[in-house]
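Reading through the structure tokens given below for one structure.
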Ligand code: T4K
């Protein structure tokens, strides 16, 4: 990454240009070269979607009046019911976050030995397995969907493999049918990390209804949030009972099994219920923003915005660009540095990929996943959600157009400044 203070220091020595806070049209106006940032405040990728503040505060008052703060309180129960109805799924068990939700589901399903998992995901997916003493076996992804490539799984199966943990990355469903078929044929358990995929569907059915169970994240940065939180959903009644016990120390009047503490508290549930009241507005804002990005990014060489399947329900939460530096003439990381200097806090999800970080990268076997390794150097995620709108998107896209239209010159200028 570029040392911005070094670059800006050199420029300010030459005198800072005062640029008005409009659209930038010259590369000298870029903040990385010492000018003012395009935005006064930081624009984060996925700043939280917050529902009606007074409705939330009313619920907090209820909680304080009731003096029932956690342990399967009324708001948690109401939230579980509302989610199960929305997703048309048999059981919803709210949890304190998706990582613990995954751990409980993995344990409840009896997974052990080795489990196939994509390496292009947030580290929590792999860590949840590793934490339980199960080896995550990293699999390559499909270059278009960015999800597990079912054709690459068979070669990774060993007598120790007990399951497949798919991830619906960016809210786009995995190859669910192919994975279901493979799991059935090879007698493997199938579980989904649906952290990104709340309110999304696959072939007309809501995500939440596939595999043995699916796990959502309701972290602050997700499309729908409960501050921290998540849910395990399933249509298997016995499994649901097991998970319900496990999330509460195995306790139900008496201690009936091994368990942990994965309970969601009432304030989180109140945040979730408030968010659910406005969730269609969150989705509409995301979709509107996505369409505008699509329009504004059109024709910029080397920039490809990932597609969402318009025939399916979709939360449009992630604005994911694939950047081809042979055409942009400026690397993905330089583009990110330039945007950060403008207060656009674009992110390189998920970089480095899971198999290239600890503890996995120190293992003796060499894992080479060519599709994903290339992809992870190309992906850049831009801000979305209710916190941004037309003015911000037009400005962000104009910045990208300016940078890429002058990619070679910008790369040269930055390299020179860094060398001095
Ligand atoms: N599986 C997948 C595929 C996942 O993506 C995740 C989580 C999980 C499983 C596990 O779910 P949880 O156990 O978390 O429920 C974030 C989140 O902590 C994590 O939930 C999320 N995925 C992951 C992709 O991102 P960081 O380290 O990137 O968070 P941070 O603090 O850098 O914030 C990200 C962006 O959001 C920044 O641009 C700042 C902004 N932000 C953040 C927070 C917390 C806000 O504007 N407001 C906020 O309150 O991990």
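Residue check: residue 314 meets all listed conditions (1) within 18 Å of residue 382 (Cβ to Cβ); (2) surrounded by fewer than 20 Cβ atoms within 10 Å (Cβ to Cβ) but one, namely (2).
Restricting the first member to segment 144-155 and to residues that are on the phi > 0 side of the Ramachandran plot, and the second to residues that are modelled with pLDDT of 95 or more and part of a helix (DSSP H, G or I), the beta-carbon pairs closer than 7 Å and six or more apart or on different chains are 146/169; 146/170; 146/375.
Look at residue 297 and say whether it is out of contact with any strand residue (DSSP E or B) (no Cβ under 8 Å at 6 or more places or on another chain) and in contact (Cβ under 8 Å) with a residue 24 or more places away in the chain. When the stated conditions are applied, residue 297 does not pass them.
Cβ separations smaller than 8 Å between residues 6+ apart or across chains give the following pairs from segment 16-28 residues that are closer than 19 Å to residue 406 by Cα to residues that are surrounded by 11 or more Cβ atoms within 10 Å (Cβ to Cβ) and modelled with pLDDT under 50: 28/17. None of 175, 94, 183, 108 is touching a residue at least 12 places away in the same chain (Cβ under 8 Å), at negative phi and within 16 Å of the ligand (Cβ to nearest atom) except 94. Among the numbered conditions (1) within 16 Å of the ligand (Cβ to nearest atom); (2) in contact (Cβ under 8 Å) with a residue 40 or more places away in the chain; (3) under 30 Å from residue 36 (Cβ atoms), the only one that residue 323 does not meet is (1).
Could you say whether any residue in segment 129-143 is surrounded by fewer than 19 Cβ atoms within 10 Å (Cβ to Cβ), free of Cβ contacts under 8 Å to residues at least 60 places away in the same chain and closer than 22 Å to residue 181 by Cα? No; the residues of segment 129-143 include none that is surrounded by fewer than 19 Cβ atoms within 10 Å (Cβ to Cβ), free of Cβ contacts under 8 Å to residues at least 60 places away in the same chain and closer than 22 Å to residue 181 by Cα. Can we say residue 102 is more than 10 Å from the ligand (Cβ to nearest atom), within 19 Å of the chain's Cα centre (by Cα), within 24 Å of residue 351 (Cβ to Cβ) and at pLDDT 95 or above? So residue 102 does not fit the description; no.
When segment 352-378 is filtered for residues that are within 16 Å of the ligand (Cβ to nearest atom), under 24 Å from residue 302 (Cβ atoms) and surrounded by fewer than 18 Cβ atoms within 10 Å (Cβ to Cβ), only 352 remains.
Go through the residues of segment 386-398 one by one and say whether even a single one is touching a strand residue (DSSP E or B) at 6+ places or on another chain (Cβ under 9 Å), within 27 Å of residue 285 (Cα to Cα) and outside any helix (DSSP H, G or I). Yes, some residue in segment 386-398 is touching a strand residue (DSSP E or B) at 6+ places or on another chain (Cβ under 9 Å), within 27 Å of residue 285 (Cα to Cα) and outside any helix (DSSP H, G or I). Residues that are within 12 Å of the ligand (Cβ to nearest atom), modelled with pLDDT of 95 or more and in contact with a strand residue (DSSP E or B) (Cβ under 6 Å, 6 or more places away or on another chain) do occur in segment 197-206, at least one of them. Looking at segment 321-335, which of its residues are within 21 Å of the chain's Cα centre (by Cα) and buried (at least 20 other Cβ atoms within 10 Å of the Cβ)? Scanning segment 321-335 gives 321, 323, 332, 335. The set of residues from segment 43-66 being surrounded by 13 or more Cβ atoms within 10 Å (Cβ to Cβ) and within 16 Å of the ligand (Cβ to nearest atom) comprises 43, 44, 45, 46, 47, 48, 49, 50, 51, 56. Out of all the residues in segment 332-342, is one or more away from the ligand (no atom under 15 Å from the Cβ), out of contact with any helix residue (DSSP H, G or I) (no Cβ under 6 Å at 6 or more places or on another chain) and part of a loop (DSSP other than H, G, I, E, B)? Within segment 332-342, none of the residues are away from the ligand (no atom under 15 Å from the Cβ), out of contact with any helix residue (DSSP H, G or I) (no Cβ under 6 Å at 6 or more places or on another chain) and part of a loop (DSSP other than H, G, I, E, B).
The values are calculated or read from the model by the stated rules, or taken from the named source; none is laboratory data. Keep in mind that what you see is a predicted model, and the values were worked out from it rather than measured. FYI the Cβ positions are ideal-geometry reconstructions off the backbone, even for glycines, and counts take in every protein chain you see.
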